[in-house]
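The values are calculated or read from the model by the stated rules, or taken from the named source; none is laboratory data. Since the model is a prediction, treat every value here as computed from it, not as a measurement. For accessibility, only protein heavy atoms count, side chains too; no ligands or nucleic acids. Shrake-Rupley method; radii C 1.70, N 1.55, O 1.52, S 1.80 Å.
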Amino acid sequence: MTRFRTLDDLGDVRGKRALVRVDLNVPMQDGAVSDDTRLRSTLPTVTELADKGATVLLLAHFGRPKGERRPDMSLAQVTKAYSHVLGRDVRFIDDCCGDGARAAVATLAPGDIAILDNTRFHAGEEKNDPALADAMAQLGDLYVNDAFSAAHRAHASTEGLAHRLPAYAGRAMQAELEALERALGRPERPVAAVVGGAKVSTKLDVLRHLVAKVDHLIIGGGMANTFLAARGVDVGKSLAEHDLETTALEILDAAERADCTVHLPYDVVVAKAFAANPPSMRTCNVHEVAADEMILDVGPAAVEALADALKTCRTLVWNGPLGAFETPPFDAATVALARTAAALTQEGSLVSVAGGGDTVAALNQAGVADDFTFVSTAGGAFLEWMEGKTLPGVKALERE
Ligand code: ADP
Ligand code: MG
């Protein structure tokens, strides 16, 4: 039994009004949705509820209107694209609470689907105002949260509502929670974590949490430079946060006490200029970086050793690229290790979970996102979960 009620626990919902918190915060370009990934991720929950005869009322935020009603942030703009992706009619209701919304909802039939306008048009949304949560709750008979990406925020539509109506995790939320549970909650050991990206400062809490949880911590990207510098390596012009060297040493100490093996690169790809295929590019030992060079990727020998370490692991959680992957060929280490992880996953020997905006882009670039066990598109929520934090929107769904 899961710790959460899911749609499996629903019972007969025919004629019931389901308030479903989803993430419709899609990027727009010239009035059109430019990436409909988030819209598509809501489909299993929405079609299942509609097919069971519920009246489906979608709640979501869009942009940051900060409590003001702004036409340029109205979900009316997304309704047509959503209807297209869903392949069904979708109504639009111009408020997420109040008499007008109630009257509009009353005209809907079982199986109908409507988008209610931007929850953030009400200042009470981000304040988790009980009055707003009460007002929204009046529109529904039950609450489904399918927006993991908004679950790190205790807002009226992500947290408050869950205390006012019978609350369930939607299918996308359920998949995300199950994947995260497999990766760090009760993982099969040994567990490896890859933490990369630009800066240590943005992921200090992630590193601190992971050293106590995982057996292998693979540090790459710009943040590896700070760790190398802390260990006395001259990293030249590399991106590094020298003021965090003491912190880096503390993390290494904590890892040692927790029996967590930390992997730092021992060879690296360096260049004098940050550009695609710069002529000054070369591979060298970390102790041979010149004063005018910068480290832009993990070297091939280190990647091979990391791949060997991964082969001994049963679980992998990955956040952050190993190098400056947007600029070729500094994506080589990230792509190579991602392909190894993907192959091990496909062989059935590894559970692999990855997340983070740039990480997802890098995995797509490597062409392996679909071969991982789970790839989370929830940026902030995924990171807070990697920090070991309790997400308020998830906590509110837990069974009493
Ligand atoms: P995510 O979005 O997956 O959490 P981050 O935002 O933390 O990842 O980090 C991604 C960024 O880190 C990328 O823009 C990448 O270019 C940068 N990066 C990785 N390695 C290096 C490096 N050695 N030097 C400079 N930047 C790097
Ligand atoms: Mg990023």
Report, largest value first, the span of the C-alpha coordinates of the range 238-319 along each principal axis, in whole Å.
41, 33, 22
Using only the alpha carbons, work out the radius of gyration and Dmax of the range 136-233 in angstrom.
18.7, 62
Does the range 187-386 classify as rounded, prolate or oblate by the C-alpha gyration tensor (a ≥ b ≥ c root eigenvalues; a/c under 1.5 gives rounded; else a/b over b/c gives prolate, otherwise oblate)?
oblate
Carbon and sulfur together cover what percent of the accessible area of the range 1-112 at a 1.4 Å probe radius?
47
E326 - accessible surface, heavy atoms, 1.4 Å probe, Å² rounded to 10:
120
Average accessible surface area per residue within the chain, 1.4 Å rolling probe, Å²
41
When 1/r is averaged over all different Cα pairs and the result inverted, which Kirkwood radius in Å belongs to the range 147-203?
14.0
Sorted largest first, extent of the range 309-361 alpha carbons per principal axis (Å):
32, 19, 17
Using only the alpha carbons, work out the radius of gyration and Dmax of the range 7-173 in angstrom.
14.2, 43
Contact order relative to length for the chain, counting C-alpha pairs under 8 Å separated by 6 or more residues, stands in percent at 15
Computed Rg/Rh of the range 122-163, alpha carbon atoms with Kirkwood Rh
0.94
The relative contact order of the range 7-173, taking Cα pairs under 8 Å that sit 6 or more residues apart, comes to a percentage of 28
Looking at the chain, what % of its DSSP beta bridges pair antiparallel, to the nearest 5?
20
Against the rule of thumb 2.2 N^0.38 Å, how large the Cα Rg of the range 216-257 comes out:
1.09
Output the Kirkwood hydrodynamic radius of the range 290-400, Cα pairs only, in Å rounded to one decimal.
15.1
10 Å-binned pair-distance histogram of the range 189-277 (Cα, whole percent)
17, 52, 24, 6, 0
Let me know the Kirkwood hydrodynamic radius for the chain, please, with Cα pairs as the basis and the value in Å to one decimal.
22.5
